[in-house]
1. Ile22's amide H: which non-local residues (gap 5+, or another chain) put their own amide H closer than 5 Å, with H modeled 1.01 Å from N in plane and none for Pro or chain starts?
2. Rounded to the nearest 0.05, what FRET efficiency do Val33 and Arg88 have when you use their Cβ-Cβ distance and R0 = 35 Å?
3. May I have the pair-distance distribution P(r) for segment 14-97, computed from all Cα-Cα distances with 10 Å bins from 0 and rounded to whole percent?
4. Could you run the Karplus curve 6.51 cos²θ - 1.76 cosθ + 1.60 with θ = phi - 60° over segment 47-62 and give me ³J(HN,Hα) per residue in whole Hz, x for Gly and Pro?
Amino acid sequence: MSGRVSGKKSGFSPGRLMQVLIAPQVSEKGTFVGEKNNQFVFRVTSDATKPEIKAAVELMFKVDVMRVQTSNVKGKQKRFGRFVGRSRSWKKAFVGIKPGQDIDFAGGEPKRSGGA
């Protein structure tokens, strides 16, 4: 018998999971991927693992995650006059959710039409 417990319960602390996701990455590519493959793009901490990202998204947005793909984005070289610098490298996560589910980043209730 393995040490993993099946079901929704994950072995990660809720405090750590709240720190894994930094922000949703809104871009033209992210929008295209989201519409085509039912995926959402997040900026995550550089030491986050795929199981942590999956557990964090399921905890915060109450959706079922099917798959997680990650990529490390290298920082770009920048120049400020004669000074050369570099922007920070970061990690991007493509999170695929089950069909029929959606993530609402606004977090509010849907507006109802009609009078008071």
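1. Residues meeting the criterion, in which the H sits 1.01 Å from N, are Arg43, Val44, Thr45.
2. On the way: r = 23 Å, r/R0 = 0.66.
Efficiency, from the Cβ-Cβ distance: 0.90.
3. With 10 Å bins starting at 0, P(r) equals 17, 45, 24, 10, 3.
4. Using θ = phi - 60°, the values come out as 9, 6, 9, 4, x, 5, 5, 4, 5, 5, 5, 5, 6, 7, 10, 6 Hz.
Throughout, read-outs are computed from the coordinates displayed, never taken from laboratory work. These numbers were taken from a predicted model, which means no experiment stands behind them. Because the Cβ atoms are built from the backbone with ideal geometry, glycine has one as well, and the counts that use them run over all protein chains shown.
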